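Data first, discussion second: the structure below is written as structure tokens.
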Amino acid sequence: MLTTMVTARLHWNDLLPAARAAIEARTGSIHQAHTVSGGHNSEIAVRLDTDHGAVFVKGLRCDHPRVWTQRREAAVAPYTGSLAPTLLWHLESAGWNFLGFAFIDEGRHADYSVGSPDLQLLAQALTALAEIPAPPVELKRAEDRWAAYIPDPTLRSALSGGHLAHTDFNPENVIITPTRATLVDWAWSTAAAPWIDPALGCIWLIATGKHDPAEAEQWASRMPAWRSAPPDALTAFAEAN
């Protein structure tokens, strides 16, 4: 589940003039454009400095096989509250699909290493997320996403639920400011049991933060959703991943 397809990154000036003009019609005059290095799924990811402040824009061509991820992210955005950057606009023009977000000033990618203060902020964000119901939009379902890896229908059914799960805690998708963790890139939003996100967080702590499994589970244990998970389902989910 940690494998990511990397999409070649374009620069602002690589866009056709019609596409740049369509964006500028939403942002107002653009003074500078800075390509953003983080993320793997967007063909273009750029910070635009405009008359009205900084805007983060990500885009895929409308014929890209994963353009559905941007439409999914736009559909989920109204329901994520303060856990995600504000979606300012969603635009399809000149053969492109663009999302424009309020830019997070003074933000950096999360540090998952043992002892990092970012881990407490991530836990707070996931605790809040576990209280958000799955919105009335088309979402993947956890019991379907992992069906090929958990053949036992009883264990698989424990993944199902009516909560909104983010499911992709690559450190580049968690932006840390002095007081909070903000979750970006909601393309893989899923309807799931509330313990799924803490469980996936454990995997990223092990994979990128060099935690051992016991340390990762100790981090997750501070979240009520984790403590509600059936132990046999947690084991099956860990084995599946």
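Derivation of every value follows stated rules applied to the coordinates shown; laboratory data play no part. Note that the structure is a prediction, hence the values are computed from the model and not measured. Glycine also receives a Cβ, built like all others from the backbone with ideal geometry; neighbour counts cover every protein chain displayed.
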- Query: Which percent of the Cα-Cα distances in the range 132-228 go past 17 Å?
  - Reply: 57 percent
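Would you mind counting up the charge near residue 201? Only other residues with Cβ under 13 Å from its Cβ, with Lys and Arg at +1 and Asp and Glu at -1.
Surrounding charge for residue 201 is -4.
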- Sparse-neighbourhood loop sites, trypsin sites (Lys or Arg not before Pro) in the range 133-222 - DSSP loop, at most 14 other Cβ within 10 angstrom: 210
- Task: Take every Cα-Cα distance within the range 90-159, group them into 10 Å bins from 0 onward, and report for each bin the whole-number percent of pairs it holds.
- Result: 14, 21, 34, 26, 5
- Just the C-alpha atoms of the range 36-133: what Rg/Rh do they give, with Rh taken as the Kirkwood radius? 1.00
- What FRET efficiency comes out for the pair residue 34/residue 232, r = Cβ-Cβ distance, R0 = 41 Å, nearest 0.05? 0.25
- Near-label residues of the range 65-105 by backbone N, under 12 Å of a point 7 Å along Cα→Cβ of residue 10: 93-98
- What angle, in degrees between 0 and 90 and rounded to the nearest 10, separates the Cα long axis of helix 231-240 from the longest principal axis of the Cα atoms of the chain? 50 degrees
- Tilt, helix 17-27 to longest principal axis of the chain (alpha-carbon atoms), in degrees rounded to tens, equals 70 degrees
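Would you mind getting the Kirkwood hydrodynamic radius of the chain from its Cα pairs, rounded to one decimal in Å?
For the chain, inverting the mean 1/r across all distinct Cα pairs yields 18.7 Å.
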- Task: Choose one of 241, 59, 163: the residue whose Cα lies farthest towards the positive end of the charge dipole of the chain (beta-carbon charges +1 Lys, Arg; -1 Asp, Glu; about the Cα centre).
- Result: 59
- C-alpha center-to-center spacing [the range 116-159, the range 17-53] in angstrom: 32 Å
- Regarding the range 176-241, what are the three Cα extents along the principal axes, ordered largest first, in Å? 36, 28, 21
